[in-house]
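The values are calculated or read from the model by the stated rules, or taken from the named source; none is laboratory data. Just so it is clear, the structure is predicted and the values come from calculations on it, not from any experiment. Neighbour counts are summed over all protein chains in view; Cβ atoms, including those assigned to glycine, are modelled from backbone coordinates with ideal geometry.
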Amino acid sequence: MLEILTGTYSCWAPPDGFAEIELDLGCGKGGFLLELAENYPDKLIIGADIMLGRLRKVKKKVDRRNLKNVRLLRVSAWPLIAYHLSDHSLHRIHILCPDPWPKARHRSKRLLTSEFLGRLAGKLTANGILHISTDDSEYFDFIEAAISPLACYSRDPSGIDDVKTIKTDFENDFEGKGIPVRHTVFRVLK
Ligand SMILES: C[S@@+](CC[C@H](N)C(=O)[O-])C[C@H]1O[C@@H](n2cnc3c(N)ncnc32)[C@H](O)[C@@H]1O
């Protein structure tokens, strides 16, 4: 994977020296990760998304705020998890308002299947947290059904106590229209 936003075209590896690593997968316009990074300068915050245009805008905001603890990766979720992140390296993964693919003929495009959620567990540290949200109640039920057979996860809403008040850009938009966004949180048992 190439870290193209830096202009250096180097291969990517997480830098040393951070106490913990959090991933905002599908970070979009970056509202959530920017606030997270400001709150936790000692943590490395990785933002990953497939849309380069969005990432370029997030990069400008990161530079304006002079945040030294953010890394932005243009990469799709499956290859990121399959090839680029070390096992047991992430303390928390946020997947917030992922594309819900509500039409029946598009359901196979949904990211949060049992297989993917199982792979995510392997990337989390012992007691690591998986934080998911969606405005789509059908997708919410689909995610809950996908995670329920996975014995490695245990529900733990306290895993996001410190970030409960941080809203993503999509969450702000939905709530502005009166559409609630539901969160679900799991801890990896090790
Ligand atoms: C509905 S937006 C939500 C953005 C942000 N999390 C928020 O809540 O404001 C979904 C984001 O996921 C990204 N995305 C979709 N599929 C992806 C994939 N396979 N890998 C990485 N990012 C993906 C999209 O480009 C988009 O920015």
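Just give me the residues in the range 69-102 being more than 15 Å from the ligand (Cβ to nearest atom) and in a loop (DSSP other than H, G, I, E, B), in sequence order. Scanning the range 69-102 gives ASN69, SER86, ASP87, HIS88, SER89. Among residues that are buried (at least 21 other Cβ atoms within 10 Å of the Cβ) and among the basic types (Lys, Arg), ARG92 is included.
Checking every residue in the range 137-147 against the condition of being within 26 Å of ALA13 (Cβ to Cβ), of a type outside the set (Phe, Trp, Tyr) and either touching an Asp or Glu at 6+ places or on another chain (Cβ under 7 Å) or outside any loop (DSSP other than H, G, I, E, B) (or both) gives zero matches. Quick check on the range 61-82: of everything there that is small (Gly, Ala, Ser) and within 18 Å of ILE21 (Cα to Cα), which residue is modelled with the lowest pLDDT? It comes out as ALA82. State whether the residues of the range 56-66 include one that is within 13 Å of the ligand (Cβ to nearest atom), out of contact with any Gly (no Cβ under 9 Å at 6 or more places or on another chain) and of a type in the set (D, E, K, R). Yes, the range 56-66 has at least one match.
Criterion applied to THR113, THR125 was being of a type in the set (S, T, N, Q), surrounded by fewer than 19 Cβ atoms within 10 Å (Cβ to Cβ) and out of contact with any helix residue (DSSP H, G or I) (no Cβ under 7 Å at 6 or more places or on another chain), and the one residue passing it is THR125.
Residue count for the range 143-174 under the criterion of being over 18 Å from the mean Cα position of the chain (by Cα) and within 16 Å of the ligand (Cβ to nearest atom): the result is 2. Residues of the range 135-178 that are among the aliphatic types (A, V, I, L, M) and surrounded by 12 or more Cβ atoms within 10 Å (Cβ to Cβ): ILE143, ALA146, ILE147, LEU150, ILE160, VAL163, ILE166.
Every residue, every condition in (1) in a strand (DSSP E or B); (2) in contact (Cβ under 8 Å) with a residue 60 or more places away in the chain; (3) not aliphatic (A, V, I, L, M), yes or no:
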site: ALA13; (1), (2), (3): no, no, no
site: ASP16; (1), (2), (3): no, no, yes
site: GLU22; (1), (2), (3): yes, yes, yes
site: LYS29; (1), (2), (3): no, yes, yes
site: LEU36; (1), (2), (3): no, yes, no
site: ILE46; (1), (2), (3): yes, no, no
site: LEU55; (1), (2), (3): no, no, no
